[in-house]
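Taking it in order: structure first as C-alpha cells, then the write-up.
The values are calculated or read from the model by the stated rules, or taken from the named source; none is laboratory data. Predicted model only: the values in this text are computed from it and were never measured. Cβ coordinates were reconstructed from backbone atoms using ideal geometry, including for glycine residues, and neighbour counts include every protein chain displayed. Quick note on the areas: whole protein, heavy atoms, side chains included, nothing else; ligands and nucleic acids left out. Shrake-Rupley method; radii C 1.70, N 1.55, O 1.52, S 1.80 Å.
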Amino acid sequence: MVGDKIIKPQNRMTHQVFYLDMRMSREVLAAEWDKKLFLTSLEEAGTLFRIEFYAFCVLDDRIRLLAGGTDVRRRTLMKMLSAALEHYERGMELNGEKGILPSETVFRVKTVRMECEQDAVSVLRYIHLTPLSEGYTISAQDYWWTSYNSYRGFYRWPMVNTEPVMQFLSRSDARAAHTLAEYHSRGVLLRNPVPECIRNGEYETLRLCTLAVLQGNIN
C-alpha cells in the first residue's frame, strides 16, 4: 500500500465490474425485514441474470452495489434491479403487505464501469463505509446490511463473492484480510472520500418490468 492506494503491477481483472447506486424517492426499505427480504430478492435476481455481487450496502432509501460478471452490460444490470424489486414486492404481498412500491415511487440508478481492480477496491471500501458517513452507525462494521463482515470473516453472506478482491490483495488470506482492514481504517480517517472513478456518470430512471417478460428475455 502506498498512501491511500493499493498498488499492483498489472490489471488482472477478467470480469466486467460495475458500481451501482440506486436512489429511491421514499424510504422503501426502512424496516429491518424490508432490507432482509430485498437482499433475498436481489440474490434471486442475480442468479437469474448470472450476475455476481462483490459488495453491497442497503440503506432505507438507497442501495449501493459492486457487481458484475462475464460480458455483463449496463442494461442487464438495470433489468436485474427491476427484477429484484418485482421479487421484493411479490414477497411482501405474500406476507399481506400491499402497495409497497406505489406508482409514484421513483427509482434512479447510476452505473459506472470499473476500469481496474484498484478502482473496484476503492469503491468497495466506499460502499462499506457508507452507513458510517451517512450517520446510520458509529462503527461501519456494526452495520448489519452491508457485505463488510463477509470480508472481515465474521459473517458469510451467501450472495457475496469475496474471492476476486481478496486474491487481488494477496494470495495469503491472512495478509489480504490485514491489508483490507488497514485500507478501511484509512478510509474512516479520511471520512470516506468519494472515489474519483465514480464521481462522473448520470442517474437514469429505472423502469419496473414484469417477471414474465424478464424470465423470457434476460439479455
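Is the stretch 68-77 home to any residue that is surrounded by fewer than 17 Cβ atoms within 10 Å (Cβ to Cβ), part of a helix (DSSP H, G or I) and under 15 Å from the mean Cα position of the chain (by Cα)? First the steps, then the outcome.
Kept after step one, since they are surrounded by fewer than 17 Cβ atoms within 10 Å (Cβ to Cβ), are these residues of the stretch 68-77: 70-71, 73-75.
Retained after the next criterion (residues that are part of a helix (DSSP H, G or I)): 74-75.
Pick out the ones that are also under 15 Å from the mean Cα position of the chain (by Cα) and you get 74.
Yes; the residues of the stretch 68-77 include at least one that is surrounded by fewer than 17 Cβ atoms within 10 Å (Cβ to Cβ), part of a helix (DSSP H, G or I) and under 15 Å from the mean Cα position of the chain (by Cα).
Can you give me the ranges of the helices (runs of 4 or more DSSP H) entirely in the stretch 101-219 with at least 2 residues that are modelled with pLDDT under 95, of a type outside the set (Gly, Ala, Ser) and closer than 30 Å to residue 90 by Cβ? Walk me through how you get there before you give the answer.
Values: elements: 117-128, 130-133, 148-152, 163-169, 173-189, 211-216.
Where helices (runs of 4 or more DSSP H) fall fully within the stretch 101-219 and carry at least 2 residues being modelled with pLDDT under 95, of a type outside the set (Gly, Ala, Ser) and closer than 30 Å to residue 90 by Cβ, they are 211-216.
Looking at residue 81, is it open to solvent by less than 50 Å² (accessible area, probe 1.4 Å) and modelled with pLDDT of 95 or more? Let's see the steps before the verdict.
Numbers: open to solvent by less than 50 Å² (accessible area, probe 1.4 Å): yes; modelled with pLDDT of 95 or more: yes.
Yes, satisfied.
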For residue 88, only one of the following conditions fails: (1) open to solvent by 10 Å² or more (accessible area, probe 1.4 Å); (2) more than 27 Å from residue 1 (Cα to Cα); (3) of a type in the set (Ser, Thr, Tyr). What is its number?
(1)
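If you check residue 49 against the conditions, is it closer than 19 Å to residue 150 by Cβ, modelled with pLDDT of 90 or more and among the aromatic types (Phe, Trp, Tyr)? Before the answer, list the steps.
Details: closer than 19 Å to residue 150 by Cβ: no; modelled with pLDDT of 90 or more: yes; among the aromatic types (Phe, Trp, Tyr): yes.
It is false that residue 49 is closer than 19 Å to residue 150 by Cβ, modelled with pLDDT of 90 or more and among the aromatic types (Phe, Trp, Tyr).
Within the stretch 125-134, work out how many residues are touching a helix residue (DSSP H, G or I) at 6+ places or on another chain (Cβ under 7 Å) and either farther than 11 Å from residue 194 by Cα or open to solvent by 20 Å² or more (accessible area, probe 1.4 Å) (or both). Spell out how you get there, then give the answer.
Here is the first cut: in the stretch 125-134, the residues touching a helix residue (DSSP H, G or I) at 6+ places or on another chain (Cβ under 7 Å) are 125, 128-129, 131-132.
Still in the running and either farther than 11 Å from residue 194 by Cα or open to solvent by 20 Å² or more (accessible area, probe 1.4 Å) (or both): 128, 131-132.
Going through the stretch 125-134 one residue at a time, the tally reaches 3.
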Failed criterion for residue 154 (all others in (1) in contact with a Ser or Thr (Cβ under 7 Å, 6 or more places away or on another chain); (2) more than 25 Å from residue 83 (Cβ to Cβ) hold)
(1)
Of 176, 120, the only residue that is open to solvent by less than 30 Å² (accessible area, probe 1.4 Å), free of Cβ contacts under 8 Å to residues at least 24 places away in the same chain and of a type in the set (Gly, Ala, Ser) is 176
Taking the stretch 52-67 and keeping residues open to solvent by less than 10 Å² (accessible area, probe 1.4 Å) and without any contact (Cβ under 8 Å) to a residue 60 or more places away in the chain leaves 63, 67
